[in-house]
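The values are calculated or read from the model by the stated rules, or taken from the named source; none is laboratory data. These figures come from a predicted structure and were not determined experimentally. No Cβ is skipped: glycine too gets one built from the backbone with ideal geometry, and neighbour counts run over all protein chains shown.
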Amino acid sequence: MGKSERESKALQRRRLRAGRLLTRGVAQAEVARRVGVSRTTVSVWNRELAASGLDGLKARPRGRPPGLSDAQRGELMKALLGGALAEGFATDLWTLPRVGALIERRFGRAYSESQAWRILVKLGFSCQRPSSRALERNEAAIQRWKRTRWPVLKKTPRNKAESSSSSTRAG
């Protein structure tokens, strides 16, 4: 259980305790003192108690509900492992915009790139950049070129004893 979840449960316990005290007729100021909240907070809780009873003081889910169910995340994982080509993209490289487009196409939910990244991290993916080296790369030819041709092309100062910068002092 995370910190925010523990805090939420503790707040719910305080709200319910305050609700029970209020139903027994304890004054709002005294309830505020016993529970450790402001009088204004107790007043809000009292209105909620009057409208909905003790159930109205129970914690409600906060924030946006999760967008993808476990089954949908499993389906997304299969699609990602199947490759981008199989999903109709021009190359087999998954990018965040492509993942977002896949989720929207399959599940009808639009996600920003940062949200798509969070989903990928939860699925166990990490950032991978493709190697920029060509498959046809010839390592032996590259080493030969570096030993023979590169030294000829590389510029070196003609006379190392000469200064390469000019003097700013007036002479």
Out of T91, T40, report the one residue that is β-branched (V, I, T) and outside any loop (DSSP other than H, G, I, E, B).
T40
I'm checking my understanding of the structure. Among residues of the stretch 72-86 that are of a type in the set (A, V, I, L, M) and under 21 Å from the mean Cα position of the chain (by Cα), which one is surrounded by the fewest Cβ atoms within 10 Å (Cβ to Cβ)?
L81
Conditions (1) touching a Gly at 6+ places or on another chain (Cβ under 9 Å); (2) modelled with pLDDT of 90 or more; (3) under 30 Å from C127 (Cβ atoms); (4) surrounded by 17 or more Cβ atoms within 10 Å (Cβ to Cβ) -> F89 fails only (4)
Only residues that are in a helix (DSSP H, G or I) and over 17 Å from the mean Cα position of the chain (by Cα): list them for the stretch 94-121, please.
A101, L102, E104, R105, R106, F107
Check the stretch 51-68 and report whether any residue there is at pLDDT 90 or above and surrounded by 12 or more Cβ atoms within 10 Å (Cβ to Cβ).
no
From L68, L21, L81, residue being closer than 30 Å to Q128 by Cα and assigned to a helix (DSSP H, G or I)
L81
Mind checking which residues of the stretch 97-118 are closer than 16 Å to K78 by Cα and either surrounded by 13 or more Cβ atoms within 10 Å (Cβ to Cβ) or hydrophobic (A, V, I, L, M, F, W, C) (or both)?
R98, V99, G100, A101, L102, I103, E104, R106, F107, A116
In this structure, does G124 turn out to be of a type outside the set (V, I, T), within 17 Å of the chain's Cα centre (by Cα), loosely packed, with under 10 Cβ neighbours inside 10 Å and under 22 Å from G74 (Cβ atoms)?
yes
Close pairs (7 angstrom Cβ cut-off, 6 or more residues apart or separate chains): among the hydrophobic types (A, V, I, L, M, F, W, C) in the stretch 6-18, part of a helix (DSSP H, G or I) and surrounded by 14 or more Cβ atoms within 10 Å (Cβ to Cβ) anywhere
L16/L54; L16/L57; A18/V31; A18/V35; A18/V42; A18/W45
